[in-house]
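The values are calculated or read from the model by the stated rules, or taken from the named source; none is laboratory data. What you are looking at is a predicted structure, and each value in this text was computed from that prediction instead of being measured. Every residue, glycine among them, receives a Cβ derived from its backbone with ideal geometry; neighbour counts consider all protein chains shown.
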Amino acid sequence: MIERESFLVQAYEMGVEGAAPLVFKDVDLRERPDHPGHRLDLVVEVGAVTAVLGDEDSGVGDMGRFVLGLDRPPWGKVLVYGTEIADLPWRKLLIFRRRLGYVPVGDGLLQNLTLAANIGLPLQYASDHRQKAVDERVDELLTMFHLADVATLRPAAVNEEIRRRSAVARAIALDPDLLVLEAPFDGLTHRAAHEIIEHVRHTRFGTPRTVVITAQDLGPHVIPLMNRLVHVEDGLAMEGLE
Amino acid sequence: MTAVVAAIGHTGARQLSVIGGLARFTLRVLRTAGRLTRAGRVVTLRVLVNQIRFTALQAVGLVTLLAALLSFLVIAQSAAQLGRVGALDQMGTIMVVAVIRELGPLLTALIVVSRSGTAIAAEMATNKVMGEITALEAMGIDPYIYLVFPRVLGAIVSVACLMVLFDVVALISGFLGASTTGMSYEGYRQIVLSTLSAKDVWITVAKGITFGAAVALFCSYHGLAVTAGPTEIPQAVTRGVVGTIVAIFIMSALFVIVLA
């Protein structure tokens, strides 16, 4: 069995102990920063499923990239576990990302790999475990997400729902404390969305996982599954839906 | 006149920038070699084996055919001309210097560039355009470890092996060419072996390593340099292949200068 501490110790040594999983501090989400009064301040609570919603031009779509340190906001700071992720040097940034899970818009699966190989990828390259242990974890995820029958297929050969489930399975392969999902339910049925949320809510150790969902909108059946809803308008965060 | 100077300067600056970028790229690939995890090594080995299968095994027929034809033509023509002036013993020099030392490595590298270099550049460019490089980085995986490193290793092993194959086939086919002038096998063997030395073997190995590395590095670099979108993929492939061909010829010339 894979124990998190044994292979992610470097990643979990980084960050500030006791710090909030995610803080947006004075962040301007829009492409053209203007008024300081229109900057986002948001603290994401530990163990909560938080949905951040906003129109296409609200800048919500960039938040996931800011959290992962793939982009830097035009203004302000994004603190992940107390660390300003955009300031980390490249090598440390790669290591730090191993404690985060991320599903980009679409799915981000590698097209020339099977679904099983896609799920195993972070375990193989971001861990120091033997192939046998990696295979066991992949099998566990394939079963959990009902992917065993399609495990040997490539992403192009399966439908959107299976691709999305595979991408989420890959994102939690390293059992991260913080998971960022970009528009994860677009085009999915209520049942599929419900299933995804139930699978990602808790870590393998049973502790609640911090999940941040960014989207333009959420279906009425999905909203009750969220612990918190934040609507971004004019660069500002407002609790609840308007 | 100013415009001409400016255009030359602009081109020169662009070429220097590419050389600088390539140097940084190569250093980064070398640095990644020591950072492979245990399970990562298993995957890298799998990718490496696949790369060797595509680059070396699937090119065996083509390399054999071209080596046989080239050697047969060169030796048959040379033997006929040298026989007229009574200098048949010089045929060994032509075989070793022209075919084994120069044309063999060049032709082998060109075959690998045209088959696998294009594939590497197109694959890398597609990975970049599809957002797969970003996906790897977001998972904490260095794309250089996953994508570039096994391809560089694979290309080095493949080109070196294909060059040895080329030389063996060329030597056999050279005899067929020489036999058209009535030369015996024993005569041919003596002429060639008296010219062939251990140095030629080492030069072949050295060229295999450098040419193989050049194919994978140039093509990967240009593939990963794509930024705009799918329309840039064919341009990246062209840049990668042309750059590699020029580099291989320059390196060939450097080998001659250094080993003269």
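Among the residues of the range A:74-87, those that are part of a strand (DSSP E or B) and closer than 14 Å to A:VAL212 by Cβ comprise A:VAL78, A:LEU79, A:VAL80. Just to be sure, is A:ALA167 away from chain B (no Cβ under 12 Å), closer than 30 Å to A:ASP55 by Cα and out of contact with any helix residue (DSSP H, G or I) (no Cβ under 7 Å at 6 or more places or on another chain)? Against the criterion (away from chain B (no Cβ under 12 Å), closer than 30 Å to A:ASP55 by Cα and out of contact with any helix residue (DSSP H, G or I) (no Cβ under 7 Å at 6 or more places or on another chain)), A:ALA167 does not qualify. Of all residues in the range A:117-144, those that are farther than 17 Å from A:ALA167 by Cβ, within 11 Å of chain B (Cβ to nearest Cβ) and at pLDDT 90 or above total 1. In the set (1) under 13 Å from A:ARG170 (Cα atoms); (2) more than 14 Å from chain B (Cβ to nearest Cβ); (3) within 21 Å of the chain's Cα centre (by Cα), the condition left unmet by A:GLY82 is number (1). Under the condition of being among the β-branched types (Val, Ile, Thr) and either touching a helix residue (DSSP H, G or I) at 6+ places or on another chain (Cβ under 8 Å) or farther than 18 Å from A:PRO21 by Cα (or both), the residues counted in the range A:204-242 number 6.
Quick one: would you say B:ALA125 is more than 12 Å from every other protein chain (Cβ to nearest Cβ), at pLDDT 90 or above, in a helix (DSSP H, G or I) and touching a His at 6+ places or on another chain (Cβ under 9 Å)? Against the criterion (more than 12 Å from every other protein chain (Cβ to nearest Cβ), at pLDDT 90 or above, in a helix (DSSP H, G or I) and touching a His at 6+ places or on another chain (Cβ under 9 Å)), B:ALA125 qualifies. Inspect all residues belonging to the range B:184-198 and state whether any of them is buried (at least 19 other Cβ atoms within 10 Å of the Cβ), of a type outside the set (Ser, Thr, Tyr) and under 15 Å from B:MET95 (Cα atoms). Yes; the residues of the range B:184-198 include at least one that is buried (at least 19 other Cβ atoms within 10 Å of the Cβ), of a type outside the set (Ser, Thr, Tyr) and under 15 Å from B:MET95 (Cα atoms). Restricted to the range B:15-116, the set of helices (runs of 4 or more DSSP H) holding at least 1 residues that are charged (D, E, K, R), out of contact with any Ser or Thr (no Cβ under 9 Å at 6 or more places or on another chain) and at negative phi comprises B:38-55, B:60-84.
Does B:GLY140 satisfy the condition of being modelled with pLDDT under 90 and of a type in the set (Gly, Ala, Ser)? When the stated conditions are applied, B:GLY140 passes them.
Test of understanding: among A:ASP41, A:ASP28, which residue is buried (at least 18 other Cβ atoms within 10 Å of the Cβ), more than 11 Å from every other protein chain (Cβ to nearest Cβ), at pLDDT below 90 and more than 28 Å from A:GLN124 (Cβ to Cβ)?
A:ASP28
Kindly list, by first and then second residue, each pair from a residue in the range A:180-195 that is more than 14 Å from A:ILE213 (Cβ to Cβ) to a residue that is among the hydrophobic types (A, V, I, L, M, F, W, C), limited to pairs with Cβ atoms under 9 Å and residues at least 6 apart or on different chains. From the range A:180-195, the pairs are A:HIS190/A:VAL222; A:ALA192/A:PHE185; A:GLU195/A:PHE145. Residue count for the range B:146-166 satisfying the condition of being farther than 30 Å from B:LYS128 by Cβ and buried (at least 24 other Cβ atoms within 10 Å of the Cβ): 2. With respect to (1) away from chain A (no Cβ under 14 Å); (2) under 18 Å from B:LEU165 (Cβ atoms); (3) of a type in the set (S, T, N, Q), the lone exception for B:THR26 is condition (2).
Looking only at the range B:196-203, decide whether some residue is assigned to a helix (DSSP H, G or I), touching a residue at least 24 places away in the same chain (Cβ under 8 Å) and under 28 Å from B:VAL29 (Cα atoms). Within the range B:196-203, one or more residues are assigned to a helix (DSSP H, G or I), touching a residue at least 24 places away in the same chain (Cβ under 8 Å) and under 28 Å from B:VAL29 (Cα atoms).
Considering only residues that are assigned to a loop (DSSP other than H, G, I, E, B) and of a type in the set (Val, Ile, Thr), look in the range A:88-147 and name the one that is surrounded by the most Cβ atoms within 10 Å (Cβ to Cβ). Ranking the candidates gives A:THR114 first. When the residues of the range A:196-242 are filtered to those that are among the hydroxyl-bearing types (Ser, Thr, Tyr) and in a loop (DSSP other than H, G, I, E, B), the one that is surrounded by the most Cβ atoms within 10 Å (Cβ to Cβ) is A:THR203. If only residues of the range A:85-115 that are at the interface with chain B (Cβ under 9 Å from one of its Cβ atoms) and charged (D, E, K, R) are counted, the one that is farthest from A:ARG170 (Cα to Cα) is A:ARG91.
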